[in-house]
Structures are given as structure tokens and as C-alpha cells.
Protein chains: 2
Amino acid sequence: MSILVVGSVAFDTLETPSGRRERCLGGAATHFSLAASYFTDVRVIAVVGEDFTPELESVLTNRGIDTRGIEHVAGKSFFWEGSYLNSLNEATTLNTELNVFQSFTPKIPAEYQDSDYLFLANIDPVLQADVRGKMPKAKLVGGDTMNYWINDHAENLAKVLKGLDVLLINDGEAKLLAKDANLVNAAAKILDAGPKSLVVKHGEFGATAFFSDRSFAGITKKVFLPFRAPALPLSEVVDPTGAGDSFAGGFFGYIASQPEFTPEVFKKAMFYGGVMGSFAVERFGTERLAQLDPKEIGERFALFRELSHLD
Amino acid sequence: MSILVVGSVAFDTLETPSGRRERCLGGAATHFSLAASYFTDVRVIAVVGEDFTPELESVLTNRGIDTRGIEHVAGKSFFWEGSYLNSLNEATTLNTELNVFQSFTPKIPAEYQDSDYLFLANIDPVLQADVRGKMPKAKLVGGDTMNYWINDHAENLAKVLKGLDVLLINDGEAKLLAKDANLVNAAAKILDAGPKSLVVKHGEFGATAFFSDRSFAGITKKVFLPFRAPALPLSEVVDPTGAGDSFAGGFFGYIASQPEFTPEVFKKAMFYGGVMGSFAVERFGTERLAQLDPKEIGERFALFRELSHLD
């Protein structure tokens, strides 16, 4: 089944201990789409400027991603410059230029209306809510956010949270959103605010899913115990940019590829999220995720299982 | 089979967000012994002062722990005062009084000589090496250390590392010991320095085991992939003191309780380590580990499995 993702398609200039890259293809929707494209059909809604060439668009279309929802307008694409020289766990933002994203109003092509899955990548919660409202029939809705929206746009974000089946954020964001330094208590508060489930990403330590006690797509009380998926210990993280979006893409892509949404599918999706995140960071930008051999995904999934399972 | 542990038996004054306790029974050998006592016979070597009452010793003997190796001398027992008000992940030391530990020379009772397993808890590496030398027939030797010995007693510690089958330390200690901020590379360097395996504890994120490529008690190349065990997400950590020693006690206790040392046993031991650590932090000092119902251990092991396994 098809996933619709709305988010940024952008240029990133990146500085990491492994090197520097100027104006890589980046953006949350880009990383998400590429990761999800190995599992299911993906449709993108975003806006780009005149600097977004057909060659760049072909990175997406070569993976079968439907880019009819990428709006081309006059001006320059969203641009971000970040450094990981201080820490691979947190980027230092050196420059952000919203450019064409500043006046973006998402439009949903008629061909996208039947998308069963919807992912609201990290953008202004007003836009997230707008897209959510235009897709009332989506079977499962996921979303991401970041410190900036949590701190300065709390009211708008609160409306988005109420419409989510799965919120995917990292440790720091979860604790900030809940104003609670204990992860379990933070998760309970966030679930009270709306999302039916919460996936908290721990970087090199994997991710933990928490479930609300409301009815959720066949997930019964039994799995209200959190579920923890591992990450692969890596000897070199070349570029952490997009790891979280790649996790979300693998997670949602796998769910959308399955005939039913069950607790087992949710758990496996957590593993596939980690798998896609682990590939993403092995090279700069989209280099690795744009050219994966699907066989590698299965092999790495087996590795994740072996890494974490007793038998 | 029997485990011999050498380490501190002490008094701790503790301050955590959950409250304050004066002069609890503490010490690495205490936490280790209590945790291991649910799995196998445990023998302790330590030194205490006149303040160590028969009532306190009975906390250990009630669990069947052999305390004949606890030397009673004139003076006061080792004392530590720490606060976790700033962070539950790292104690701020407010006071340390070595007292009777200052002039401690471990003596191994004749009845302890046949111990199959040896654990060198976090004490001066000179003492660790001394005990290791006196137990040449031990089948499996584990050890712990801390920043102080890594920084200021590196040469002595290097000798201990060469004699270890398993080194159990936390993330920060591993990175400090290897002078490498990447966990995988740090693990490789540490394994090069001697230990046949390394268990790195990540606190709330569990623990990862790394294996050297030398022959190690039936562990084949196949499991040279690291192994990652989860921790239980807890809504309240009352007192983190002794969590690492309790992990080590559960880990070693389980191994010693098994007829053979296999990769499967090593992996399960990682889970039992996490299980015992999760109990330890639920109350102050030894309150929880001194009075566990063995049934609870089995139930929590099942929880750890459910938390982390796909099926």
C-alpha cells in the first residue's frame, strides 16, 4: 500500500569527523522516501526551487518514488548547514535558509488521495495539521517534530499530536515535550496528549516503543510493555544526517508492505527502522540509501536479530 | 559451582531524587554477592571494621553467602557518600573514607581455594592482580574497574586486564580506557589489551558484549558479532548505587550455575545481569536484592525477553 510523506526536500552542507560535503541532496522527506521505497510505494509532497535539477529528482524517481507532489517554484530550495565535529549525536546548526519553504502550502495531487499511510515529517505543525486534515481516510498516520516546534509552537503541535497513530522522536525531544527527565514517565505523558504509540529513538542504543492503553489497530494490552529494538554498533558513523528519517522510512515502509497491522508487524518495523538508519549513516547524504541492494536489507535484519536475540 | 569475589564491603550514605539514606550496607562485593547468590554459591573476600555488626553480616549469610573471607579488623569500614541529585546516571562523590581498606591485603581461606569462578570487583588493581595470582586454577575470571584506576594506575591495571576472561565496565570507562570515543573501536582496543570478552554497560539502554577473536571457552567466530541485552525502562530509579555490581553478580552467577560455558549461556547471562541490575535500583542500598523471591527473577527474565524479542 502507498505511503504519502510531506516534508522537506533540501540541500545540506555537512561537516563530520569523516569529511565535508557541500550541498548534498537532503531533507526529511528525501531520507524517509528513499528508506521506505525498499518496502512499498512512496509519494512525496514538498517544495523545491530552481536549483533542484532533474538529476537530483532522478535520485528519487530511480527508486520508484512518485514525485508528482514535489512543487517547483521560483527561488532557492531549503538549505541547511550543520557540523558534527563536536558530537556525532547532535548537530550544530551553522546556517538555515528556509527559502521556498517559507511560503509553502502543501497541495495534495488527486493521484495521492488514496494513500493508506501518511507520514508528517518534521515541518511546521500548522502544515502537518493541514495535510492531516486533507487526508481523513489515512489508515495510519505517523509524525515527527523537533525542539524548535516543541518550544515555540506548542499549541499548534498539540493539535498534530491528537491525530497521530505513531509519533517518532528522539530521547531529548521526548523529555522536552513531556517536561519529564524519566523516559517512562515522559512517554506516559506524551501518550496522554494524543498519539496512540510513541517510538523514542536512542541513536546508537536503538529505539523504544511505548503504547497507549487505548485500542490501537489490533495491538492488545499484552504489548503495552514497551518494546526495544537494537541499533548496530558501528565503527564509523560517516554522517548522522537523516538517520532518524531513514528509521521512520524503514519503520513505516515495512508496516505499509504488510497485509495487516499487528503487534508482530509493529515490532519488526522497529527493527527495519534501525536497519535503514544503520545504512543511512554509513555514507554522506543519500549516497548509501539511494543504492542499496535489497538483499543487504534482509542480511542486516538477520544481523539485528542475532545481535539481540537469545535464540 | 562456586564464585569467589574480592571487593569492598562498605557503608554508603546516599542522596537521590527519591530520598536520603545514612550508612546503608553497600560496597561492590556486597551487591555482587547478593545478586549472584540467587544463582550459585558465593564466597567473599573483603575487610571490615568494628562498625560492621553481626546483623549486617547476616544480610549476606541469610542469602547463604560464605563470609569466612571477610576479615574483621580494628577501625572503621570503608565509607562512601554520594549524591545523584544532578544525574541518576552519574554519582557525585561527596566523601570517601578508605579506613580499613587502606592497608588491606586479601587472604584467601583454604576453603575458598577450589572456587571455579573469580570476580575481581572494583578495587586497587594491585590487589586484583594479587588475588588473580593466588587463584591460578579459576576457570573464568571477571573484573571491573573505574576512572580513578584507569587514569592514575594504568600500568597496574594493564596487568590485570591480561588475566581477564570478561571485563565489565560502563561506556565512559570503556572510552576512557581505550582513549577512543567510538564504542566499537574502543572495544577492539580493549580486547587487544587482554580480556577475552568485554561487557559494556549502558545504564538504561542495556549492555553490549564484544568478543576477542581468540579462542574463548567454546565461543566461536559466529558470535564475534557483538551481543546487546536490553534494560528495563523504569519509571523510578530509587538508587542507582550497585547497579553495575548487581549486573556483574547476575551475569557471573548465572554462568556459574550452568554446566557448560557456551555462547548461549553468555547471552542469557547478559539478560540476567540486566534483570538483577533492574531490581537493585528499585530500592535503596541492598533492600531489594537482599529479599527477592526467586520467582520474581524468572518473571523479569521473561519480561526482558518479551521487551526485546520479535517472537
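Among A:Thr67, B:Thr30, the ranking by other beta carbons within 10 Å of each residue's beta carbon, starting with the fewest, stands as A:Thr67, B:Thr30. Here region A:19-85 and region B:258-308 have alpha carbon centers that stand 47 Å from each other. Summing charges over all other residues whose Cβ lies under 9 Å from the Cβ of A:Leu164, with Lys and Arg as +1 and Asp and Glu as -1, gives +2. Each of B:Gly203, B:Ala188, B:Tyr112 was scored by the projection of its Cα onto the charge dipole of chain B, and the greatest displacement toward the positive side belongs to B:Ala188; charges sit on the C-beta of Lys, Arg, Asp and Glu. Among bridges DSSP assigns within region B:3-308, what percent are antiparallel (round to 5)? Beta bridges within region B:3-308, antiparallel portion: roughly 40 percent. Of the DSSP H helices in chain B, those that are both long (alpha-carbon extent of 18 Å or more along the helix axis) and hydrophobic (Kyte-Doolittle mean at least -1.0) are B:243-257, B:263-280, B:294-308. Taken residue by residue and averaged, Cβ atoms of other chains lying within 10 Å of the Cβ of B:178-191 number 2. Counting only DSSP beta bridges with both residues in the protein assembly as shown, the antiparallel share comes to about 40 percent. Taking a cut-off of 12 Å between Cα atoms, list the aspartates and glutamates near A:Lys201, but don't count ones fewer than 8 places away on the same chain. Counting by Cα, and skipping residues close in sequence, A:Lys201 has these aspartates and glutamates nearby: A:Asp144, A:Asp171, A:Glu173, A:Asp245.
Averaged over residues, the count of other Cβ atoms within 10 Å places the peptides B:288-294, B:164-170, A:160-166, B:108-114 in the sequence B:164-170, A:160-166, B:288-294, B:108-114, highest first. Around the amide H of A:Ala207, modelled in the peptide plane, lie the amide H atoms of A:His202, A:Ala229, all under 5 Å away and 5 or more residues distant in sequence or on another chain.
Basic side chains Lys and Arg get +1 at the Cβ, acidic Asp and Glu get -1 at the Cβ, and with that the dipole of chain B about its Cα centre reaches some 1000 debye.
Between copies, the label points at A:Gln258 (set 7 angstrom from Cα along Cα-to-Cβ) are spaced 3.0 nm, reported in nanometres from shortest to longest. Highest mean packing first, where packing is the average number of other Cβ atoms within 10 Å per residue, the peptides B:258-270, B:226-238, B:86-98 line up as B:226-238, B:258-270, B:86-98. Among A:Phe251, A:Phe210, the ranking by other beta carbons within 10 Å of each residue's beta carbon, starting with the fewest, stands as A:Phe210, A:Phe251. Grab the beta carbon distance between A:His72 and B:Leu310, set R0 = 30 Å, and tell me the FRET efficiency rounded to 0.05. About 0.10, to the nearest 0.05.
The 3J(HN,Hα) values that the Karplus relation (6.51, -1.76, 1.60; θ = phi - 60°) gives for region B:84-93 are, in residue order, 10, 5, 7, 7, 6, 8, 8, 7, 9, 6 Hz. Gly and Pro appear as x. Which of rounded, prolate or oblate describes region A:101-228 when judged by the alpha-carbon gyration tensor and an a/c cut-off of 1.5? The shape class here is oblate. Averaged over the residues of peptide B:196-208, the number of Cβ atoms from other protein chains lying within 10 Å of each residue's Cβ is 3. The sum of -39500 (n - 2.57) across all DSSP H runs of n ≥ 4, divided by the residue count of chain A, sets its helix-only mean residue ellipticity at 222 nm to -10500 deg cm²/dmol. Shortest first, B:Ser235 label-point distances to identical copies amount to 4.4 nm, with the label point at 7 Å from Cα along Cα→Cβ. With the cut-off at under 19 Å, measuring from each backbone N in region B:284-311 to a point 7 Å along the Cα-to-Cβ line of A:Thr262 picks out B:306-311. Starting from the label point of A:Lys107 at 7 Å along Cα→Cβ, the same points in the other copies fall at 9.0 nm, in ascending order. Using a Förster distance of 60 Å, how high is the FRET efficiency between B:Asp51 and A:Gln102, based on the Cβ-Cβ distance and rounded to 0.05? Efficiency at R0 = 60 Å is approximately 0.30.
Among residues other than B:Phe247 with Cβ under 15 Å from its Cβ, the summed charge is -1 (Lys and Arg +1, Asp and Glu -1). Sorted on the mean count of surrounding Cβ atoms within 10 Å across their residues, most packed first, peptides A:132-141, A:149-158 read A:132-141, A:149-158. Fully extending the segment from B:Leu225 to B:Arg283, taken as 0.36 nm per residue of separation minus the present Cα-Cα distance, adds 17.4 nm.
Between the amide H of B:Phe261 and any residue lying 5 or more places away or on another chain, no distance stays under 5 Å, with hydrogens modeled in the peptide plane.
Note on B:Leu234 and B:Lys179: the model spin-label points, each 7 Å out from Cα along the C-beta direction, lie 3.6 nm apart. Counting beta carbons within 10 Å around each of A:Ile70, B:Ile255 and listing the fewest first gives the order A:Ile70, B:Ile255. Scanning chain B for the Cβ atom closest to the axis that brings B onto A yields residue and whole-Å distance B:Phe205, 2.
Which shape class, rounded, prolate or oblate, goes with region B:138-183 when its Cα gyration tensor gives a ≥ b ≥ c as root eigenvalues, a/c under 1.5 marks rounded, and past that a/b bigger than b/c marks prolate? Cα axes put region B:138-183 in the oblate bin.
Each value in this text was obtained by applying a stated rule to the coordinates, not by laboratory testing. Keep in mind that what you see is a predicted model, and the values were worked out from it rather than measured. Positions of Cβ are backbone-derived with ideal geometry, glycine not excepted, and every protein chain shown enters the neighbour counts.
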